[in-house]
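What follows is a single structure, written as structure tokens, with notes after it.
The values are calculated or read from the model by the stated rules, or taken from the named source; none is laboratory data. These figures come from a predicted structure and were not determined experimentally. So basically every Cβ, Gly included, is an ideal-geometry build from the backbone, and we count neighbours across all protein chains shown. The area values use the complete protein model at the heavy-atom level, side chains included, leaving out ligands, DNA and RNA. Shrake-Rupley method; radii C 1.70, N 1.55, O 1.52, S 1.80 Å.
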Amino acid sequence: MAGACGEPHMSLGSLPGRRHLEPDQERQPQEPPLLRDSDSSLSDSEESVFSGLEDSGSDSSEDYSEGVDGAGDKDSDRTKETSEEPAQASPPCPRTEEVGALSKDEYEEDSSDEEDIRNTVGNVPLAWYDDFPHVGYDLDGKRIYKPLRTRDELDQFLDKMDDPDFWRTVQDKMTGRDLRLTDEQIALVQRLQRGQFGDSSFDPYEPAVDFFSGDIMIHPVTNRPADKRSFIPSLIEKEKVSRMVHAIKMGWIKPRRPQDSTPTFYDLWAQEDPNAVLGRHKMHVPAPKLALPGHAESYNPPPEYLPTEKERLAWMQQEPCERKLNFLPQKFPNLRTVPAYGRFIQERFERCLDLYLCPRQRKMRVNVDPEDLIPKLPRPRDLQPFPVCQALVYRGHSDLVRCISVSPGGQWLASGSDDGSLRLWEVATARCMRTVLVGGVVRSIAWNPNPTICLVAAAMDDAVLLLNPALGDRLLVGSTDQLLDAFTPLEEQALQAARWLEASEEERQKGLRLRICHSKPVTQVTWHGRGDYLAVVLSSPGHAQVLIHQLSRRRSQSPFRRSHGQVQCVAFHPTRPFLLVASQRSVRIYHLLRQELTKKLMPNCKWVSSLAVHPAGDNIICGSYDSKLVWFDLDLSTKPYKVLRHHKKALRAVAFHPRYPLFASGSDDGSVIVCHGMVYNDLLQNPLLVPVKVLKGHTLTRDLGVLDVAFHPTQPWIFSSGADGTIRLFS
């Protein structure tokens, strides 16, 4: 038949957009056997028209078909589907007629909803070609270049003004064409923007129809016939019923009886028989027995049981809880004349309350020896030496003695009082060696700890007085004056927190050498261990509560920029450049060289009153006005290691002994408690704290007792000053 047509033809496999199918992917048309036999005379090229195979086997046609196949894969699938239908329905005819029919009806029978993409870029956005001069390739593989002139914003604005439908025009990113939305599409977009459903005919509020309802229907939900097992009794249920019938016959299961609605009451104390259920209970407590009536409760008691008039009046004046008998015995001639007891109902009610509220369970008692509860502490006799008795009394002050201080050698004692005087005592003889009238209350006094300097600092009102007591070695006294006189003031004096004033000739005769004036009253003064620096505490709110003075350069400075509460007392660390500042509720440790806060201790006291540092520097003690003595181990924690509550009133002063493992506290109760406080070199062993002695001797004055305590530097002695105007030495 190919020769009969005499015209060249193009096979279906070589058409543009037609995918090349492999022989194993052919779709052979299903034809009846009669037509298959009648058409057996067709050639292979004619059969290829119906089968979809290409006739020519040249390589050029295959390559061409493969190139076209890669460019339009979707179009080839669509033309393939449309070409197979007329091929199966058309009768055998010349090849050219079949090809013409297929090409004619290719798009007429197409039911695809896809839009024909007319650009040659492919299924990619046009934005990918913004940086290239072309926008795709043609069928020959050549580039399709962009137009030379592109539309700028001015052209777009003019088009916007000329085109009334510009507001409904959008650009397709895939094809680059302008699409004009229809009214239906605009309405759809507006509904979606308002959050409504896309379908305008959809009603989201239409009434719901329940599939299952409570109405009885003629037919069930399913007309499935019932199973056969629903009519046959279950063997398992039959066995259960038989077992229950057997149990009822044997009496193992008894029928339920109607419950009795009448309430039942139980007497908790009725079962006193030891063989009863409550009696056999291990923790059963029998009811307390009432005391049997005696002769006093008789209607005709003996004469000795009848009270006299004096006893009757005394019984009437006593409180009901203090009376031995809750009634007065009376005598009646016979039983008929005995009146009714007025408190009968009240006593019976109290008896019922006692029985009801009495605990029904015996408390478990642990048999512990009281001696085992006492901690195993060494005996005070093994912890000697420590002061045990009063040795001397230093009398001379006419008012309460607020502060005392001992010289580094232990030979002299300085004291300050409210009578406006500062007295210097000889320790061994209790003799007053010198009295300096300062004209005000001496609130704090401190002897310079440097043994090469003979100097005493005293806080009086708003000034700190530096005195040379002129006691002891004359060479030491002279060297101290030379040291103070050798200072040369600078030409330009910097602004300082305090003013240093030289003493006048009259004041030098009394022993005064320097006067450091402040703006606020001074409450405490303390020396550094080397004797060149001294710290003072001012009773003023703000950051200038603590000042540090340098004696050699006569400089004063305020180390803090802000305040953390009212400062009570300060102390220098004995070995490290630390300054301990005690406020009302906390103790802060500052590093003076680094100028930073190192540690904050929380004593858990209402008001800290005093502070003392251990000579080794690793432990401190704090006294408080709520009668607590708190021991801190700086290497252990910022919380108290031990809290001692030995005093009954507020603590005024605490102190450590510089050599012996002793510390003491003075209180307003008039006593001084000396404790043994051993600090071990082993960090794994906790300090040993043992109270060893309570020293008494001061009399309470104005509800004040001991105001200050100080240890002797070399001997196990302790000095105490009190509100009674005396200083006492305990040795």
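In the complete set of protein chains, residue-level accessible area for D635 is approximately 100 Å², probe 1.4 angstrom.
Could you sort out which of K600/K642; K520/K696; K324/K649; K600/K649; K600/K628; K606/K696 sit more than 28 Å apart by Cα distance in this structure? Beyond 28 Å: K520/K696; K324/K649.
In plain terms, the chain from L306 to I218 could stretch by 21.5 nm, reckoned as 0.36 nm per residue minus the Cα-Cα distance. When you count the other C-beta atoms within 10 angstrom of each residue and take the mean per peptide, 433-443, 609-619 line up highest first as 609-619, 433-443.
With a cap of 13 neighbouring Cβ atoms within 10 Å, and only residues DSSP puts in a loop, list the trypsin sites (Lys or Arg not before Pro) found in the range 561-598. Qualifying residues, ordered by number: R561, R562, R594. Under 5 Å between amide hydrogens, built in the peptide plane, is the criterion, and for D626 it picks out K606, W607, L651 among residues at least 5 positions away or on other chains.
Between the alpha-carbon centres of the range 533-568 and the range 461-529 there is a gap of 17 Å. Show me the GluC sites (Glu not before Pro) within the range 489-543 that DSSP assigns to loop and that have at most 12 other Cβ atoms within 10 Å of their Cβ. Listed in order of number, the matching sites are E491, E492.
The stretch between T262 and K331 holds 20.1 nm of extra length on full extension. This uses 0.36 nm per residue minus the Cα-Cα distance.
The loop-placed trypsin sites (Lys or Arg not before Pro) in the range 325-422, going by DSSP, that have at most 14 neighbouring Cβ atoms within 10 Å of their Cβ come out as K331, R343, R360, R362, K363, R365, K376.
Would you mind classifying the range 602-731 by shape? Square roots of the alpha carbon gyration tensor eigenvalues, ordered a ≥ b ≥ c; an a/c under 1.5 is rounded, otherwise it is prolate if a/b is larger than b/c and oblate if not. Taking the square roots of the gyration eigenvalues as a ≥ b ≥ c, the range 602-731 is oblate. Going by a ≥ b ≥ c, the root eigenvalues of the Cα gyration tensor, does the range 427-490 fall in the rounded group (a/c under 1.5), the prolate group (a/b larger than b/c) or the oblate group? Here the range 427-490 falls in the oblate category.
Here the relative contact order of the range 567-681, from alpha carbon pairs under 8 Å that lie six or more residues apart, stands at 17 percent. Backbone N atoms of the range 659-686 closer than 11 Å to the 7 Å Cα→Cβ label point of D618 belong to residues 679-686. Each 5 Å bin from zero holds the following percent of Cα-Cα pairs in the range 508-665: 2, 9, 17, 22, 20, 15, 9, 4, 2, 0, 0.
Starting from the 7 Å offset along Cα-to-Cβ, what nm value, one decimal, do you get for the label separation of L683 and K520? Calculated label separation equals 3.9 nm. Between D172 and L139, the simple spin-label model (points 7 angstrom out along Cα→Cβ) gives 2.1 nm. Annotation for A314 and L158: the two label points, set 7 Å from Cα along the Cα-Cβ direction, are 13.3 nm apart. On the beta carbon distance between L188 and D227, with R0 = 56 Å, the FRET formula returns roughly 0.60. Extension gain for K240-R395 works out to 45.0 nm (0.36 nm per residue, less the C-alpha to C-alpha distance).
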